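First comes the structure, then the notes that go with it.
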Amino acid sequence: MSLFSFKCAKYFFFSPKYWLLLGIVLNLILIPVDAEDFIPNDIPASDTNGFMKDMEFDIQGGHLAWQDDRSTILWVADVDPNTGVFIPSNGMGVLVDQGLLPASITKNGPEWVWGLPEAQIVYSKQTSAQPLKSVVNRAYLNGQGTWVTGTLPSTNSFYSPTGSKNSTDTNGQVISRNDLNSKLLVLNNFNISGTTIRPTYLKSLINPLPISPADSARWVIGAITNGIVYSVLVNGYQQIFYLDINTGLPTQLTFDATNKASTFMWSAPEYNGDLLLMAIVDDTKIQIWRSSSTTKNPTQGSFDPLTTIQPPNTRPYMDSPEPFVYKGQSYIFYLRADNISSGAKGYADLFFSNVTPDSSSNPTLTRQVSSSVPAVRSDPEYYTYNPKNLLNPDGEFPVFLYYTEIVQSSKIIHRCTTGL
């Protein structure tokens, strides 16, 4: 290099233009796709002195259900489909029931059961304090627009119910836990149709399933199959199983030497309706598998790795993921956390990503929707009003993500726009 060239290079290296150009290049490399165009809009959605516990949305009817963390009251409020605003802002729209089992015991609030003609609520109702006992209750809107409550039969000592997610089913189903002391998961399958309830015990499912206390069973989302997914400790590792409700037979789906938690399965429209399976793996990433079954039967074929979600972030752990579908595309929202169970232990940020295979030429979309202000965030939820097709919303209404910020003894619900 000549002396002239060296001086020119030295001048350019120390000039402001060099560092400006370098900054632009690094931003293009390091910023996730679309991040430069998206500005988080993260604002409180509830009263700042609120105590909303584990809120759950009814995207079919535009409702919000939650249990007061200070008491044992079940509240339902409306949600504005265009703005995501709670009506009223404190969530106390209609007092549906009281005397619920404390959330400190159930670790879960009321849940929605999808189905026709509309979604219903299932929840844990306390029947005795000493000894502590409960039953599973449901609440539904009658023809006059009034909330009606009742107890599901044969649910003594059952609690923490979870409803099926089949929007076209006239017979919603429920799984719940039995034995408040050991907290073993038991299948208790109910058909809910209109104002009548037909209990249908499956004898092969009465015995407790060997499900880890830290992980819960979840219904497969959609009408494509009638079953649940859950994790079980096998040879030292948490593996994912599928349980067919119709036969009562379990099928192991994963076998590699990693620990899986927070399992979900759903029908993905962008993959011709094939079943996708997801879980947090070893606490640090989200793995998605795709079913190879040509009949879309999770007990046939195999679940092969599709992609991994692990965006750059200073917080090392994944927490509270959940999939949703919007305009023919699958997405997953999740927390990046300082610690596992970050809602009680440390700071966390709320993200969502689309499900794009590693081999795809399409860019992966990842957005942080919570603000950059450090906060103890937990219990993220998704909402878009869609009474037409719950399994694949057409985009008529926007998507909002919510989370709970824990500030001392209060729980403040935040609403975040997504750009979807």
### Message
So if I take the centroid of the Cα atoms in the stretch 91-111 and the same for the stretch 255-299, what is the distance between those two points in Å?
### Response
31
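Length gain on complete extension for the stretch V407 to N235, per 0.36 nm per residue less the alpha carbon to alpha carbon distance?
57.9 nm
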### Task
Identify all aspartates and glutamates with a Cα-Cα distance to K296 below 18 Å; exclude those on the same chain that are fewer than 8 residues away in sequence.
D244, E270, D274, D304
### Query
Farthest toward the dipole's positive end in the stretch 64-143, which of A119, P88, A129, given Cβ charges of +1 (Lys, Arg) and -1 (Asp, Glu) about the Cα centre?
A129
### Ranked list, fewest to most other Cβ atoms within 10 Å of each Cβ, for I412, I175
I412, I175
### Query
Listed here are the pairs K133/K260; K107/K133; K107/K411; which of them are more than 22 Å apart at the Cα?
K133/K260
### Task
Pull out the extension gain between I105 and N297, defined as 0.36 nm times the separation in residues minus the alpha carbon to alpha carbon distance; nm, one decimal.
65.6 nm
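Would you mind counting up the charge near S372? Only other residues with Cβ under 10 Å from its Cβ, with Lys and Arg at +1 and Asp and Glu at -1.
Value of the local net charge: -2.
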### Query
Okay, which of the stretch 92-121 sit inside 15 Å, backbone N to the point 7 Å along the Cα-Cβ direction of T151?
98-101
### Task
Take D47, D37 and order them by how many other Cβ atoms sit within 10 Å, fewest up front.
D37, D47
### Task
Pairs to check: K165/K327; K53/K165; K53/K125. Give those whose C-alpha atoms are more than 27 Å from each other in this structure.
none
## Note on the structure
Put in order of increasing Cβ neighbours within 10 Å, starting from the fewest, R70, R377 give R70, R377
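Quick note: the coordinates plus some simple rules give every number you see, no bench work behind them. Computed from a prediction, not measured in an experiment: that's the story for all the values here. Please note: Cβ atoms are built from the backbone with ideal geometry, for glycine as well, and neighbour counts cover all protein chains shown.
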